Amino acid sequence: MGERGAVTEALADLAGEELDDQSVGERLCQACVEGLDVDGAALSLLTAMAARETLWATDSVAQRLEDLQFSLNEGACIEAATTGAPVLVPDLFHTTETARWPVFAAAVAEQTPVAALFALPLQWGAATIGVLDLYRCTPGELSRAGWRDALAAADTAALLLLGRRTRPPPAPDGPPSSSPDGGRDGDGWGPGVFSRPEVHQATGMVMAQLGISSEEALARLRAHAFAEQRLLVDVAGDVVARRFRFTEEMR
């Protein structure tokens, strides 16, 4: 396994801390500015409570970029959220790529010193739960090592945010017990999550509703729980009781 980058190293101990969403966003964005060749960073969430919510921005320029994209509904962040793929723009004003965001590109040129943008979706399975936005005031690519580090940081942030929102409550008798397959019943991440019958049943129902794999069905359940700010087991209960159904339009 390769050596961890500066950003990933800075985030390595977060899993053991009790952090709220804003604290995760602050630590992630600050680590990116300190560990990567970028001038600023912002983290936005895609939730049902607020279609797009800026969780943290390192400075006024990063905040302005978020405001412009969400107001105009175009830009690297919007595209990354829509497609689920990273959007890399190393030279905002000398590329044909930005022709698809004419209003946004013009506003950036007029209102900010930004010359390069990098938008990385935060994903769990096939679901996008947020976007990490990085900017530079000078044109240029991220280094290969920096790019790997940024991707790893986005994955870490997704795990931290989803883990806090969708972790099932611990058993009343004490800490979660180990399951035969090595997962823990209470942590919400290992295979032991399937020891909760409602989650197992709901996963099967979502598989049938959308024609997808069990891994993607569980990811859909987790992402919906995150968006609604509910526990995974509660969303699973709604699916099993047929109070909620995943549809093709939600894919």
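Okay, here's what the table says:
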quantity	calculated
Counted charge near E141, where neighbours are those whose Cβ lies closer than 12 Å (Asp, Glu -1; Lys, Arg +1)	0
Cα→Cβ-extended label distance, 7 Å offset, between A85 and D20, nm	3.8
When segment 191-250 is reduced to its Cα atoms, the Kirkwood hydrodynamic radius in Å	11.1
Simple Cβ-charge dipole of segment 191-250, Lys/Arg +1 and Asp/Glu -1, about Cα centre, in debye nearest 20	160
Ranked W124, W147, criterion: other C-beta atoms within 10 Å, fewest first	W147, W124
Exposure proxy order (Cβ contacts within 10 Å, fewest to most) of R222, R4, R100, R64	R100, R4, R64, R222
Packing-based exposure ordering (other Cβ within 10 Å, fewest first) of F246, F104, F226	F246, F104, F226
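Here, each number is a calculation from the coordinates, and none is a lab measurement. These figures come from a predicted structure and were not determined experimentally. Glycine also receives a Cβ, built like all others from the backbone with ideal geometry; neighbour counts cover every protein chain displayed.
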